[in-house]
Each structure stands twice: as structure tokens, then as C-alpha cells.
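Step one of this worksheet: look at the structure below.
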Amino acid sequence: MDWSDYQQHQQWMRQALDLAQGAGEAGEVPVGAVVVTAQGERIAAAQNRRERDCDPTAHAEILALRQAGQAIQTWHLNQCTIYVTLEPCPMCMGAILQARVGTLVFGADDPKTGAARTVLNLPDHPISFHRLRVWGGILEGDCRQQLQAWFQIRRLGGPNHP
């Protein structure tokens with residue numbers, strides 16, 4: 001990855017971080033996702049909505065993939081990049097593979113359910129029928145800090161604590 005690619009990845013990840021901030025303020029785990037075409041056009045942006053939608057599948061990645069498919073009128077997202085603040089879980093990684101996304105860029109590793117490299121490596125697993133480029137660690141410190149701060153507030157009984 002050259003410097004201009006890295007700068008572009010940072011730009012899109014900042015947008016995903018803004019979305020994640022909104023999710024956290026709404027009582028959701030702060031995760032945001034942005035889908036961008038090969039031409040650099042943002043076609044989808046989403047944040048976690050499981051609590052608000054009472055939907056266990058309403059992860060930012062799933063919602064963004066749905067929007068992207070509608071935006072370009074196909075589920076084949078081969079020419080797209082998805083930016084996510086947290087390494088995708090198995091469900092989301094499976095959806096990313098099903099959508100044939102060209103590139104996954106994520107911020108923080110997920111040591112509990114990460115399925116792009118940390119706990120599982122689904123993109124390189126023999127069961128995976130699709131290969132994609134994976135870049136982890138883009139704005140990793142910012143992504144991790146945002147998540148840790150949100151969970152710390154929740155543990156202390158802060159905003160939107162059940």
C-alpha cells in the first residue's frame with residue numbers, strides 16, 4: 001500500500017469513526033461502516049442499530065452492504081471497499097464474502113469475535129470461495145480508544161446503561 005492509498009483509507013475510516021460515534025451516543029456498540037466504489041464514491045454508510053431496530057443482524061457492516069447493493073443495483077460488490085471501525089464478526093465477514101467485496105479495511109482488531117484475522121481468518125480459510133484484500137489497523141488507536149471509552153462508561157453505569 002502506498003502513501004496515497006493509506007491517506008485515502010484514513011479519510012474513509014474517519015467517516016466510519018464519525019458514524020460509530022453516533023451509534024455510541026444512541027446506546028449502540030460504536031461501530032461504523034462505509035462502502036466506497038473503485039471510483040472513490042461513497043455509496044453506503046451505516047452504524048450499529050441492533051438495539052434501536054431490535055434486530056440481531058443490524059450490524060453496521062450488514063446495513064452498509066444492503067445500502068451498497070441498492071445503490072449500485074447489484075449484490076456483486078467486487079469493485080468496492082468496505083471500511084469498518086472494528087474487525088468484522090463471523091456473521092459480517094460471511095456477508096462481506098457473500099457480497100464479493102473487493103477490499104476490507106478495518107480499524108481495531110476484535111480479540112473476542114474477529115473473523116478477518118484475530119480469532120478466525122475467514123478470508124484465507126479453505127471454506128471461503130472468494131478472495132479479497134484485507135487491511136487492518138487503519139486508525140487503529142482511534143478506533144480502539146472509541147470502543148474502550150464507550151465500554152468503560154457502560155461498565156460504570158453511564159449513559160444508556162440497561
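The values are calculated or read from the model by the stated rules, or taken from the named source; none is laboratory data. In this text the structure is predicted, and so the values were computed from the model without any measurement. Methodologically, a virtual Cβ is constructed for each residue, glycine included, from the backbone with ideal geometry; neighbour enumeration extends over all protein chains shown. Note: accessible area is taken over every heavy atom of the protein model, side chains too, but ligands, DNA and RNA are not part of it. Shrake-Rupley method; radii C 1.70, N 1.55, O 1.52, S 1.80 Å.
Observations on the structure shown:
- Residues within segment 23-48 that are in a loop (DSSP other than H, G, I, E, B) and not hydrophobic (A, V, I, L, M, F, W, C), tallied: 7
- Scanning segment 102-120 for residues that are assigned to a loop (DSSP other than H, G, I, E, B) and either under 10 Å from the mean Cα position of the chain (by Cα) or surrounded by fewer than 24 Cβ atoms within 10 Å (Cβ to Cβ) (or both) returns 102, 109, 110, 111, 112, 113, 114, 115, 117, 118, 119, 120.
- Just one of the listed residues (18, 5) is within 21 Å of residue 135 (Cβ to Cβ), outside any loop (DSSP other than H, G, I, E, B), open to solvent by 50 Å² or more (accessible area, probe 1.4 Å) and modelled with pLDDT of 95 or more, namely 18.
- Subset of segment 82-101 (residues that are open to solvent by less than 60 Å² (accessible area, probe 1.4 Å) and either under 23 Å from residue 5 (Cα atoms) or more than 13 Å from the chain's Cα centre (by Cα) (or both)): 82, 83, 84, 85, 86, 87, 88, 93, 96, 97, 99, 101
- Taking every residue in segment 66-81 that is on the phi > 0 side of the Ramachandran plot and pairing it with any residue that is acidic (Asp, Glu) and in a helix (DSSP H, G or I), at least 6 positions away or on another chain, yields no pair with a Cβ-Cβ distance below 7 Å.
- Residue among 46, 58 that alone is surrounded by 13 or more Cβ atoms within 10 Å (Cβ to Cβ) and touching a strand residue (DSSP E or B) at 6+ places or on another chain (Cβ under 6 Å): 46
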